[in-house]
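The values are calculated or read from the model by the stated rules, or taken from the named source; none is laboratory data. Since the structure is predicted, the reported quantities are computational estimates derived from the model, not experimental observations. Glycine gets a Cβ as well: all are built from the backbone with ideal geometry, and neighbour counts include every protein chain shown. Note: accessible area is taken over every heavy atom of the protein model, side chains too, but ligands, DNA and RNA are not part of it. Shrake-Rupley method; radii C 1.70, N 1.55, O 1.52, S 1.80 Å.
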Amino acid sequence: MKHWRIEQVAWDRFDPARVEPSLIPLVKAAAMVERNGDDYALYLTSIFRDDPDFRQAALHWAEEEVQHGEALGKWATLADPGWDFRAAFARYRESFKINTTADASIRGSLTGELIARCMVETGTSSYYTALGEGTAEPVLKEICRLIAADEYRHFKLFYDHMKRYLARENLSFLQRLRVAAGRIGESEDDELAYAFHCSNEAPGTPYDHDRCIAGYMGRAMGYYRYHHIERGMGMIFKSIGLEPRGRLSGLAARGAWRLLQWRRGRYASALAAKETRAGVAAPAAA
Ligand SMILES: [Fe+2]
Ligand SMILES: [Fe+2]
């Protein structure tokens, strides 16, 4: 059972006057990645083939992720009626492929796979919270609140299964840290950049990772506030077995916040330079 249904969103409250133009490309790109959740579930059910409980949970999880994609895609279509969600997603799906019949986790262990999932859910939970707080458009606010609540439940789901596998596989702290840091580092790889490309650039435009990740991050990073980073750091710490609200977590959160501010400035400048040339909406002020 899903925790909410797309029909329950008050779509008639959509207010075009309150849409921040710099949010539309972010929502379009996020719709691609979320909608692709069913392929990720095939990968998960393949590598957890001997665990029927987890397979069942992964299928349920994917239903919620697909619904996130549908809701975000529907909102983006309201905000930009000329946008073709299905065509953009078909382009994304065509080229961004996950190995749905893998024999083993690309993270080296099932505990590692679940830690990586915890990192993704930490990221999405923080991100939709930040977008929901940052937008004045009532429907997007509602969708982001609903999605962020799902993402936090997903975090708890993967965390609980991870604890079960940890007892069996006994990964060391360093192994867990390596998987977590590795997955966080991948957030600027092709998955999001390519989603940005397919959902925001005209078909036929050659894909350029640096341009697309700047297009995405230059806008997205402006929505984060310190409390999002602090909460996210607590979730990361919990996933690798450290005290989520201790001194070290606070120190790491302050370091991550400074790093984010520095990178946000660099991405925003790259984006502003590109958009001055192309005449596209500039990112939201920080
Ligand atoms: Fe999601
Ligand atoms: Fe999720």
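Applying 1/(1 + (r/R0)^6) with r as the Cβ-Cβ distance of residue 227 and residue 15 and R0 = 22 angstrom yields a FRET efficiency of 0.25.
Candidates 255, 192, 78 compared by Cα position along the dipole of the chain: farthest toward the positive end lies 255, with charges placed on Cβ. Over all directions, the projected convex hull of the C-alpha atoms in segment 1-155 averages 9.2 nm² in area.
For residue 19, the shell of other residues with beta-carbons less than 15 Å away shows a net charge of +1, using +1 for Lys and Arg and -1 for Asp and Glu.
Annotated for the chain: lysine pairs at least 8 residues apart or interchain, Cα distance under 28 Å, count 21.
Helix 209-220 and the long axis of the chain differ in direction by around 90°, with both axes built from C-alpha atoms. Shown here are the Rg and Dmax of the Cα trace of segment 107-199, at 15.3, 47 Å. Considering only 36, 269, 46, whose Cα is most displaced toward the positive end of the charge dipole of the chain, charges sitting on Cβ of Lys, Arg (+1) and Asp, Glu (-1)? Farthest along the dipole direction, towards plus: 269. On a per residue basis, the chain carries 47 Å² of accessible surface, using protein heavy atoms and a 1.4 Å probe. For the residues 267, 207, a 1.4 Å probe over the protein chains yields an accessible-area ranking, largest first, of 207, 267. Computed from label points 7 Å out along Cα-Cβ, the spacing between residue 3 and residue 269 is 4.0 nm. Placing +1 on the Cβ of every Lys and Arg and -1 on the Cβ of every Asp and Glu, with no other charges, gives the chain a dipole of roughly 1000 debye about its Cα centre.
Taken over the chain, the percentage of Cα pairs per 10 Å bin, counting from 0 up to the bin with the maximum distance, is 6, 28, 36, 23, 6, 0. Among 101, 77, 124, the order of accessible area from largest down is 101, 77, 124, computed with a 1.4 Å probe on protein heavy atoms. The accessible area of residue 156, taken with all protein chains in place and a 1.4 Å probe, comes to roughly 100 Å².
Nonpolar atom fraction for the chain, defined as the carbon and sulfur part of the 1.4 Å probe accessible area, stands at 55 percent.
Largest to smallest in accessible area, the residues 125, 269 fall in the order 269, 125 (1.4 Å probe, all protein chains included).
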